[in-house]
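Engineer: Let me begin by handing over the structure; questions about it come next.
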Amino acid sequence: MRVNLKALGCRLNEAELETWARQLQREGHRIVDDSEEADLVVLNSCAVTQDAVRKSRHLIRRTARENPRAKLVLSGCYATLNREEAEGLGVDLVVANQDKGNLIDIAKDELDLPIMPAFSTEPSESAIFRLGRQRAFIKVQDGCRYRCTFCIVTVARGEERSRNIEDIVGEINDLHGQGIQEAVLTGVHLGGYGSDLGYGLDRLIRAILERTDIPRLRLGSLEPWDLPDSFSELFENPRFMPHLHLPLQSGSDSVLRRMARRCKTADFARLVEQLRKDVPDINITTDVIVGFPGETEAEWRESLAFIEGMGFGHIHIFAYSPRSGTKAAEMPGHVPAEIKKARSRALHEVSERQKRAGLEQFLGREFPVLWETERTAPDNSFDVFGYTPNYLRVAARAEPERSLANRITAARLTVIADSGDYLLAKPISG
């Protein structure tokens, strides 16, 4: 049976997609890139914003229209929070988040899917490579015990649940054996890993570094208050990548209080300063919400000034969108759309300046790069793209007879691309 897998939203959704892909292949099914070729389509939906809900609905309708003969299975946060609405869009099966760990088994039972173990895929034929990736997103936990007032995901994902270390180490070893070069640990509340098992995320990281040979280990988004004092010591291992995505959400303490965030700006600044002191070349990126309910002009200016002083490598910027079921949606003082747009534009300008300044400091340096994608250029050489350990995107040229895809090689960073989004590099032979 031919199966197409699609995900909207977070890296956790992608990690779940990859887990399903591997299970389907083990059971003899074939992963295809085009939903119109598929006998079964599995959609992992998102509901983090109203726009994400709209995109989820659109993707469901489009998929059903393009291939009406395929069975359509829907899971994810939109499916969980809007089950009746989702069922009315013509899907064959809705699997809520609390059951998605058994999604394939549920689909087999409910939809009478065939099983062909005699034709199961050999381990070397990774489902991830069929999806065109060189890194794997590893789901290590689900759920969140905190209740930020803007967040619907904690409602959709439920209580915290952590996978045991043995299973995670085994999965990473299997993936590395299939050629994967980098593992990215993901979760709804990644820093809460192990809260239900009696230990913390640092123990998991150490176990992976000790018991696997995966060349690169990276973390997904991590709340700043979750980092213990000794966390910087983990970066002494060169296989643990020096990049942290620490969501700030606002540079105004009064706004952070309304968000029910657990980190004040002064604490955040001290943490980042200490990380930069302890970990050479670390890249700190962040999330910021613009136009949170009640955000005054003074609070906005305070937030912008704080962010300008932080020097982030990249800022994911979100204009606040009310989500039914969250406390923030019921707060007074919702900011008009035109003001949110103006503030977003101003923050984008700050973000672009900070990103270019951050890239400039690495010009002339040499870094190992994991080359991920390549495309043929008009002169029959290749444009290849990849990432440094500290998650700087780089592009280079490579001769056709020397493919760099899925290899880690040294490269010298030479110039910032005209777009300001990445660096051009020269691969170093050797």
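The values are calculated or read from the model by the stated rules, or taken from the named source; none is laboratory data. None of these values were measured; they are calculated from a predicted model. Reconstructed Cβ throughout: ideal geometry from the backbone, glycine too, with neighbour counts over all protein chains shown.
Engineer: Report whether or not A7 is of a type outside the set (S, T, Y), at pLDDT 85 or above, touching an Asp or Glu at 6+ places or on another chain (Cβ under 6 Å) and under 23 Å from G88 (Cα atoms).
Structural biologist: Yes.
Engineer: In the range 31-77, what count of residues is obtained for those that are surrounded by 14 or more Cβ atoms within 10 Å (Cβ to Cβ) and touching a Leu at 6+ places or on another chain (Cβ under 8 Å)?
Structural biologist: Counting residues in the range 31-77 that are surrounded by 14 or more Cβ atoms within 10 Å (Cβ to Cβ) and touching a Leu at 6+ places or on another chain (Cβ under 8 Å) gives 24.
Engineer: In the range 211-237, how many are of a type in the set (D, E), surrounded by fewer than 18 Cβ atoms within 10 Å (Cβ to Cβ) and not in a loop (DSSP other than H, G, I, E, B)?
Structural biologist: Summing the residues that are of a type in the set (D, E), surrounded by fewer than 18 Cβ atoms within 10 Å (Cβ to Cβ) and not in a loop (DSSP other than H, G, I, E, B) in the range 211-237 gives 2.
Engineer: With respect to the numbered conditions (1) within 20 Å of the chain's Cα centre (by Cα); (2) modelled with pLDDT of 85 or more; (3) aliphatic (A, V, I, L, M), which one is the sole condition not fulfilled by L40?
Structural biologist: (1)
Engineer: Could you identify the single residue in F292, F268 that is touching a Lys or Arg at 6+ places or on another chain (Cβ under 8 Å), of a type outside the set (K, R) and modelled with pLDDT of 95 or more?
Structural biologist: Exactly one residue qualifies, and that residue is F292.
Engineer: Can you tell me which residue among R22, R57, R65 is in a helix (DSSP H, G or I), modelled with pLDDT of 90 or more and either touching a Lys or Arg at 6+ places or on another chain (Cβ under 6 Å) or outside the structural domain of V290 (by TED's automatic domain parsing) (or both)?
Structural biologist: R57
Engineer: Is it true that R375 is over 26 Å from R301 (Cα atoms) and either surrounded by fewer than 18 Cβ atoms within 10 Å (Cβ to Cβ) or in contact with a Ser or Thr (Cβ under 7 Å, 6 or more places away or on another chain) (or both)?
Structural biologist: yes
Engineer: One residue is enough: does the range 135-152 have a residue meeting the conditions among the polar types (S, T, N, Q), part of a strand (DSSP E or B) and modelled with pLDDT of 85 or more?
Structural biologist: Yes, the range 135-152 contains a residue that is among the polar types (S, T, N, Q), part of a strand (DSSP E or B) and modelled with pLDDT of 85 or more.
Engineer: Among I208, I168, I180, which is at pLDDT below 95 and either within 25 Å of T285 (Cβ to Cβ) or surrounded by fewer than 16 Cβ atoms within 10 Å (Cβ to Cβ) (or both)?
Structural biologist: I180
So that you can scan it fast, the table gives a plain yes or no per residue for (1) among the hydrophobic types (A, V, I, L, M, F, W, C); (2) modelled with pLDDT under 95; (3) not assigned by TED's automatic domain parsing to the domain that holds Q178:
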residue	(1), (2), (3)
T212	no, no, no
R218	no, no, no
D226	no, yes, no
D253	no, no, yes
R258	no, no, yes
V279	yes, no, yes
V288	yes, no, yes
F306	yes, no, yes
S324	no, yes, yes
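Engineer: Considering only the range 251-285, state which residues are surrounded by fewer than 14 Cβ atoms within 10 Å (Cβ to Cβ), of a type in the set (K, R) and in a helix (DSSP H, G or I).
Structural biologist: Matches in the range 251-285: R257, R270, K277.
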